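**Q** One structure coming up, written as structure tokens, with questions to follow.
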């Protein structure tokens, strides 16, 4: 008997996930992946600059990039899409990104437990051996049994 649910594929899912809301507005793009890691790209854009007079991406969009790559790395490692929430995310900047360069976020999910996933990664602007920043994060994984919608007061199922 085969499992009817296909294994999570970040190359396919990223197109859907980054085309919407905040990630879509930032223009994130899928770059590459392995068994437990994902790399995303944040293209340089003038409206995402951090300082007037410098053509360098701001830190906020880079944090969003690393957060998204972290989530994708969890789903890639576990092979399934399930609800997660970022509990703690630390980004240590080692240098500014190069002017007018895209920034790539490469994040690895190195451990999962029943209720948490641990990730680490880097942001770089073309040379992973010279990172812009290092990151580490913990995500809460939400058990499938806890995401059912509560029944409404009339006894029916609540609408989503």
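**Q** Could you list, in sequence order, all residues of the range 46-74 that are more than 15 Å from residue 123 (Cβ to Cβ) and out of contact with any strand residue (DSSP E or B) (no Cβ under 8 Å at 6 or more places or on another chain)?
**A** Matches in the range 46-74: 46, 47, 51, 52, 53, 54.
**Q** So, one more: Within the bounds of the range 140-147, is there any residue that is modelled with pLDDT of 95 or more and touching a strand residue (DSSP E or B) at 6+ places or on another chain (Cβ under 8 Å)?
**A** Checked the range 140-147: at least one residue is modelled with pLDDT of 95 or more and touching a strand residue (DSSP E or B) at 6+ places or on another chain (Cβ under 8 Å).
**Q** For residues that are part of a helix (DSSP H, G or I) and under 16 Å from residue 105 (Cβ atoms), tally how many sit in the range 14-23.
**A** Qualifying residue count, the range 14-23: 4.
**Q** Something else: If we scan the range 90-99, do we find a residue that is under 14 Å from the mean Cα position of the chain (by Cα) and either in contact (Cβ under 8 Å) with a residue 60 or more places away in the chain or in a strand (DSSP E or B) (or both)?
**A** For the range 90-99, residues under 14 Å from the mean Cα position of the chain (by Cα) and either in contact (Cβ under 8 Å) with a residue 60 or more places away in the chain or in a strand (DSSP E or B) (or both): present.
**Q** Oh, and also: Please tell me if residue 42 is surrounded by 13 or more Cβ atoms within 10 Å (Cβ to Cβ), free of Cβ contacts under 8 Å to residues at least 40 places away in the same chain and on the phi < 0 side of the Ramachandran plot.
**A** So residue 42 does not fit the description; no.
**Q** Picking from 8, 30, which residue would you name as being more than 14 Å from residue 132 (Cβ to Cβ), touching a residue at least 12 places away in the same chain (Cβ under 8 Å), out of contact with any strand residue (DSSP E or B) (no Cβ under 9 Å at 6 or more places or on another chain) and surrounded by 13 or more Cβ atoms within 10 Å (Cβ to Cβ)?
**A** Exactly one of 8, 30 is more than 14 Å from residue 132 (Cβ to Cβ), touching a residue at least 12 places away in the same chain (Cβ under 8 Å), out of contact with any strand residue (DSSP E or B) (no Cβ under 9 Å at 6 or more places or on another chain) and surrounded by 13 or more Cβ atoms within 10 Å (Cβ to Cβ), namely 8.
**Q** In addition: When residues of the range 64-100 are filtered for being more than 18 Å from residue 14 (Cβ to Cβ) and surrounded by fewer than 17 Cβ atoms within 10 Å (Cβ to Cβ), how many remain?
**A** Qualifying residue count for the region: 12.
**Q** If you check residue 71 against the conditions, is it assigned to a helix (DSSP H, G or I), under 18 Å from residue 105 (Cα atoms) and without any contact (Cβ under 8 Å) to a residue 12 or more places away in the chain?
**A** no
**Q** Between residues in the range 108-128 that are under 16 Å from residue 88 (Cβ atoms) and residues that are at pLDDT below 95 and surrounded by 16 or more Cβ atoms within 10 Å (Cβ to Cβ), which pairs lie under 6 Å by C-beta distance while being six or more apart or on different chains?
**A** Listed by first residue and then by second, the contacts come to 115/141; 117/141.
**Q** Report yes if residue 82 is in contact with a strand residue (DSSP E or B) (Cβ under 8 Å, 6 or more places away or on another chain), part of a loop (DSSP other than H, G, I, E, B), farther than 19 Å from residue 133 by Cα and modelled with pLDDT under 95, otherwise no.
**A** yes
The values are calculated or read from the model by the stated rules, or taken from the named source; none is laboratory data. On a predicted model such as this, the values are computed, not experimentally measured, just so you know. Using ideal geometry, Cβ is built from the backbone for each residue, glycine included, and neighbour counts are taken over all protein chains shown.
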